[in-house]
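The values are calculated or read from the model by the stated rules, or taken from the named source; none is laboratory data. Worth saying up front: this structure is predicted, and the values here are computed from it rather than measured. FYI the Cβ positions are ideal-geometry reconstructions off the backbone, even for glycines, and counts take in every protein chain you see. Only protein heavy atoms, including side chains, enter the accessible area calculation; ligands, DNA and RNA are left aside. Shrake-Rupley method; radii C 1.70, N 1.55, O 1.52, S 1.80 Å.
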Amino acid sequence: MVAAIALFGAFLAVLVGLATFLVARLELNLHQALLYAPLKLLFRINDGAIRTARNADPPVIYAVWHQSHLEPALMLSLLPDDTLHILDEASSQSIWLDPWRALARCIAFRAHHVFVSRRLVRRLKGNGRLAVYLPDEESPEAKSFRLFRAISRIAARADARVVPVYVDGARETLFSLAPGARRRLAPKLRLIALPPLTIAEMIALAGDEKPLAAQAFFQRMIAVRNRPPEPDEDAGTQAA
C-alpha cells in the first residue's frame, strides 16, 4: 500500500512538473496544462507547431480535421482559452470530455447543417476566435462540402484568418472515428498547423486557377494533411 501511494505520488509529481513546463513553453494556463500533460505523456505528442495556431492574431478560425475523439480534448487544452469551440453533437455530450469542455466555451452543431451565422461573424469581428471541427473526409460529397462553404463564407465576411490544424496519427488511436482503421494503443502524435491566411489570400495562393472560396479553403485543408515533417518543426517555425 505504501509503495502504491509512493508510486502515485511520484506520477503526480511528474504530471505537475510537466504541466509547469508546458505553461512556460506553450503559454497555456495551468488548468489547460494539467489536462494536456497526461495526453502529452501517453502519445508523446510533437506539439511545437501549436505555436503557429496560438500566435495567430484574431479574428481567427482554427479549422481542425476531426479524425478521432482526441481532437476536441487536444484543442481545448492547447488553443487560447477565449476560443469558442463548435463541437459535433457527440463531443458536446461525451461524459469523458467534461473536464476539457470546462476549459473554454463550447456550443454544439450538426456537421451537415451549418449555416452562415451572423452571431459567429459578429464574434469574429470583435476579435474573436473560433475552433471548428471538420469531418474526416478527403473527398466530401456535396452535402458534406456545405460545411466548407459555410466556414469560408463566415471567414470572408469577418475578414478572419484561418489556421488549418491536423493531428497526424490520431486516426490510428483507440479513439479513432474511422471505420476499419488500424488502431494502436498509444501511437506517437504530431500536431501540424499551417500559418494563418484569409480566404482572399488562399484564393491568391492558387495563382491563375482562381478557385471559389470554399474550394480554396478545402485545398488549404488538404495541404495541412499532406505536410511532411520538418527539421525545425518543434520550434514552431513552419512556412506558408
Checklist entry - In region 58-70, how many residues are surrounded by fewer than 20 Cβ atoms within 10 Å (Cβ to Cβ) and modelled with pLDDT of 95 or more? => result 0
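Give me the residue from region 85-99 that is aliphatic (A, V, I, L, M) and crowded, with 18+ Cβ neighbours inside 10 Å and, out of that set, farthest from the chain's Cα centre (by Cα). Walk me through it before giving the result.
First pass over region 85-99, keeping only residues aliphatic (A, V, I, L, M): 86-87, 90, 95, 97.
When the remaining residues are screened for being crowded, with 18+ Cβ neighbours inside 10 Å, the result is 86-87, 97.
Details: ILE86: 11, LEU87: 11, LEU97: 15 Å.
That would be LEU97.
From the residues in region 168-181 that are among the small types (Gly, Ala, Ser) and not in a loop (DSSP other than H, G, I, E, B), which one is surrounded by the fewest Cβ atoms within 10 Å (Cβ to Cβ)? Quick ask: steps written out before the conclusion?
Restricting attention to region 168-181, the residues satisfying the condition of being among the small types (Gly, Ala, Ser) are 169-170, 176, 178, 180-181.
Subset that is not in a loop (DSSP other than H, G, I, E, B): 170, 176.
Numbers: ALA170: 26, SER176: 21.
The qualifying residue surrounded by the fewest Cβ atoms within 10 Å (Cβ to Cβ) is SER176.
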Checklist outcome for this item: Turns out the strands (runs of 3 or more DSSP E) fully within region 46-121 with at least 1 residues that are polar (S, T, N, Q) are 83-88
Next on the checklist: Please go through region 182-199 and give me each residue that is open to solvent by less than 70 Å² (accessible area, probe 1.4 Å) and over 24 Å from TYR36 (Cβ atoms), ordered by number.
Outcome noted: LEU197, THR198, ILE199
Next on the checklist: For region 210-233: of the residues being touching a helix residue (DSSP H, G or I) at 6+ places or on another chain (Cβ under 9 Å) and either surrounded by fewer than 14 Cβ atoms within 10 Å (Cβ to Cβ) or over 26 Å from LEU130 (Cα atoms) (or both), which is modelled with the lowest pLDDT?
Outcome noted: LYS210
Checklist entry - Does any residue in region 136-151 that is farther than 21 Å from ARG118 by Cα come within less than 6 Å, Cβ to Cβ, of a residue that is open to solvent by less than 40 Å² (accessible area, probe 1.4 Å) and in a loop (DSSP other than H, G, I, E, B) six or more places away or on a different chain, and which pairs are these? => result ASP136/GLN67
Next on the checklist: Just to be sure I understand, how many residues within region 25-45 are closer than 18 Å to LEU103 by Cβ, open to solvent by 20 Å² or more (accessible area, probe 1.4 Å) and not in a helix (DSSP H, G or I)?
Outcome noted: 2
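If we keep just the residues of region 149-167 that are open to solvent by less than 30 Å² (accessible area, probe 1.4 Å) and under 16 Å from the mean Cα position of the chain (by Cα), which is farthest from GLU201 (Cα to Cα)?
Narrowing region 149-167 to residues open to solvent by less than 30 Å² (accessible area, probe 1.4 Å): 150-152, 154-155, 158, 160, 162-167.
When the remaining residues are screened for being under 16 Å from the mean Cα position of the chain (by Cα), the result is 151, 162-167.
Numbers: ILE151: 15, VAL162: 10, VAL163: 12, PRO164: 14, VAL165: 17, TYR166: 20, VAL167: 24 Å.
My answer is VAL167.
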Item to check | Residue pairs meeting the criteria (Cβ under 7 Å; at least 6 apart or on separate chains; first within 19 Å of LEU130 (Cβ to Cβ), in region 93-106; second open to solvent by less than 80 Å² (accessible area, probe 1.4 Å) and of a type in the set (Gly, Ala, Ser)) | outcome: LEU97/ALA73; LEU97/SER91; TRP100/ALA73; TRP100/SER77; LEU103/SER77; CYS106/SER92
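For every residue, the table says whether it meets (1) at pLDDT 90 or above; (2) in contact with a helix residue (DSSP H, G or I) (Cβ under 6 Å, 6 or more places away or on another chain); (3) open to solvent by 20 Å² or more (accessible area, probe 1.4 Å).
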| residue | (1), (2), (3) |
| --- | --- |
| PRO72 | yes, yes, no |
| ARG101 | yes, no, yes |
| ARG123 | yes, no, yes |
| ASN127 | yes, no, yes |
| ALA142 | no, no, yes |
